[in-house]
1. Looking at segment 2-17, I want the residues that are closer than 15 Å to residue 41 by Cβ and have a partner that is charged (D, E, K, R) and open to solvent by less than 100 Å² (accessible area, probe 1.4 Å) with Cβ atoms under 8 Å, at least 6 apart or on another chain. Which pairs are those?
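The values are calculated or read from the model by the stated rules, or taken from the named source; none is laboratory data. Computed from a predicted model, the values in this text were never measured in an experiment. As a convention, Cβ positions derive from the backbone with ideal geometry for all residues, glycine included, and neighbour counts pool all protein chains shown. For the accessible areas, the whole protein counts, side chains as well, though only heavy atoms, and no ligand, DNA or RNA atoms are used. Shrake-Rupley method; radii C 1.70, N 1.55, O 1.52, S 1.80 Å.
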Amino acid sequence: MNIDQIMAALTPEIVTRFKTAIETSKWPDGRVLTQEQRETCMQAVVAWEFKHLPLSLIHILTLPTICSV
């Protein structure tokens, strides 16, 4: 599956679930996200929002910081 296929498969509902998982660090069934899953969800949310939302509505600044410089 390439990035275009992944982006096409993402729906607003999936993105909302990803956001909730990022915020709570848990999947809807209660399992804890791994660091890799959290990073992947963040990347998917950011990519989807940049493709589908106007810049004024993008939530990139509200996502938690996962790395330090």
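1. 15/49
Conditions (1) hydrophobic (A, V, I, L, M, F, W, C); (2) open to solvent by 80 Å² or more (accessible area, probe 1.4 Å); (3) outside any helix (DSSP H, G or I); (4) modelled with pLDDT of 80 or more, marked per residue:
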| position | (1), (2), (3), (4) |
| --- | --- |
| 41 | yes, no, no, yes |
| 45 | yes, no, no, yes |
| 66 | yes, no, yes, no |
| 69 | yes, yes, yes, no |
